[in-house]
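Below is one structure, written out as structure tokens; comments come after it.
The values are calculated or read from the model by the stated rules, or taken from the named source; none is laboratory data. Nothing here was measured: the structure is a model prediction, and the numbers come from that model. Cβ atoms come from the backbone with ideal geometry, glycine included; neighbour counts cover every protein chain shown. Heavy atoms of the whole protein, side chains included, go into the accessibility calculation; ligands, DNA and RNA do not. Shrake-Rupley method; radii C 1.70, N 1.55, O 1.52, S 1.80 Å.
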Amino acid sequence: MDHQSEKINHILEALPYLIKYSGKTIVIKYGGAAMVEEELKASFAEDIVLLKYLGINPVVVHGGGPEINSLIKSLNLNTQFIRGHRVTDEATMEVVEMVLTGKVNKQIVSLIQEKGGKPVGLSGKDGGLAIAEKYLMEVESEDGKTQKVDLGLVGEITSVDPNIILTLQREGFIPIISPVAMSKEGQTLNINADTMAGAIAQALHADKLILLTDTPGILIDGQLVTGLKKVDIHGYIKTGQISGGMIPKVECCLGAIDSGVKRAHIIDGRVPHSVLIEILTNQGIGSLIEQG
């Protein structure tokens, strides 16, 4: 097969997926190496713009942990951690919002605009998009009892009003969302970006939720696994084969699946154009979690 025919075959491979996802919404959590390395940042922006021009509606929710840590350090703010979770006081929350909504969000907007898209940056506070309440983390004390620990201005989403996103989509814009929300009392709260992406995917009845990570996907005994159902995930958590930082990611995916999102994926953001590979090729990439 000559080079030109091979190119045509690659394009034709995408055809059934273009038909399947035309007019549909796909929520993508953007984080990790894909937000740091220049080549990966450029390929991610190209993927998002291409999806929009192909008639698919991408919604991007981003993190920004390393940038927050860097600024906190340079400002000499005292940071307390409880079991790996940052305690967010008023001063830290100001930095979090400044970095996520003011800096990182606008950098992503600029990248996507540079590639020909029409991105609009917002946070969960805009248009009443996300309402949250304070999150109290459950920890087990030395005597085996469970107690709730206050992490400060850290929240969990209680409701999402997707109207602002739907309005932007209708006008051809690409929503870029930072994981900051507001409580009913008007208090600004820091939200885990995976959780935010999952809640938004649920509210939009998205066809797919994609989490970009710095791992090939879900690894069981060193092997990549895919096509997982809820029962499989719970089994692997019980045996400790899914552990650490992967647990909140798979739980976020399960929450989305339970709420009607058809498929959730944990993919390797270190692979250039990983989003397009997942959506538009037969093989896909990473780990698929599906209903059933």
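Which cross-chain or sequence-distant (5 or more) residues have an amide H under 5 Å from the amide H of residue 85, H modelled 1.01 Å from N in plane?
Those qualifying (amide H under 5 Å, at least 5 residues apart or on another chain) number zero.
For the peptides 224-235, 264-275, what is the packing order when you average, over each peptide's residues, the other Cβ atoms within 10 Å and list the highest mean first?
Averaged packing, sorted descending, gives the order 264-275, 224-235.
Per residue, how much accessible area does region 25-290 have with a 1.4 Å probe, in Å²?
Value for region 25-290: 45 Å² per residue.
Expressed as a whole percentage, what fraction of the accessible surface of the chain belongs to carbon and sulfur atoms when a 1.4 Å probe is rolled over the protein heavy atoms?
Here carbon and sulfur together make up 52 percent of the probe-accessible area.
So what is the calculated 222 nm ellipticity per residue for the chain, using -39500 (n - 2.57) for each DSSP H run with n of 4 or more, over all residues, to the nearest 500 deg cm²/dmol?
Dividing the helical sum by the residues of the chain leaves -11500 deg cm²/dmol.
Write out the GluC sites (Glu not before Pro) in region 113-156 meeting two conditions: DSSP loop, and at most 16 other Cβ atoms within 10 Å of their Cβ.
Qualifying residues, ordered by number: 142.
³J(HN,Hα) across region 225-242 via Karplus (A = 6.51, B = -1.76, C = 1.60, θ = phi - 60°), whole Hz, x for Gly/Pro?
10, 8, x, 8, 10, 3, 4, 5, 4, 4, x, 5, 5, 4, 7, x, 6, 10
Please report, for the Cα atoms of region 72-156, the Rg to one decimal and the Dmax as a whole number; what are they, in angstrom?
17.1, 58
With the Cα gyration tensor of region 211-292 giving a ≥ b ≥ c as the square roots of its eigenvalues, does the rule (a/c under 1.5 for rounded; else a/b larger than b/c for prolate; else oblate) give rounded, prolate or oblate?
Oblate is the answer for region 211-292, as a/c is 1.5 or above yet b/c matches or exceeds a/b.
Please find, in a Gaussian network model of the chain (springs between Cα atoms separated by less than 10 Å), the residue of 192, 69, 78 whose mean-square fluctuation is greatest.
78
Could you give the Stokes-Einstein D for region 1-142 in µm² per second, using the C-alpha Kirkwood radius, 20 °C, 1.002 mPa s?
118 µm²/s
Which loop-located GluC sites (Glu not before Pro) does region 1-94 contain, where loop means any DSSP state but H, G, I, E or B and the Cβ has at most 11 other Cβ atoms within 10 Å?
The qualifying sites: there are none.
What share of all Cα pairs of region 107-159, in percent, falls into each consecutive 10 Å distance bin?
Histogramming region 107-159 at 10 Å steps yields 21, 25, 25, 17, 10, 3 percent.
For the chain, take N as its residue count and report Rg(C-alpha) divided by 2.2 N^0.38 Å.
Here the answer is 1.01, to two decimals.
Using θ = phi - 60° and the Karplus curve 6.51 cos²θ - 1.76 cosθ + 1.60, what whole-Hz ³J(HN,Hα) does each residue of region 98-107 get, with Gly and Pro shown as x?
4, 6, 5, 8, x, 10, 4, 4, 6, 5
Kindly write out, for region 132-142 in residue order, the coupling ³J(HN,Hα) from the Karplus curve 6.51 cos²θ - 1.76 cosθ + 1.60 (θ = phi - 60°), rounded to whole Hz, with x marking Gly and Pro.
Per residue, the Karplus-derived 3J(HN,Hα) values read 9, 10, 4, 9, 10, 7, 8, 10, 9, 7, 4 Hz.
State to the nearest 20 debye the size of the charge dipole of region 25-290 about its Cα centre, where the only charges are +1 on K and R beta carbons and -1 on D and E beta carbons.
Using only the charged Cβ atoms, the result is roughly 440 debye.
Tell me, what is the Rg over Rh of region 218-259, with Rh the Kirkwood radius over Cα pairs?
On the Cα set of region 218-259, Rg over Rh gives 0.93.
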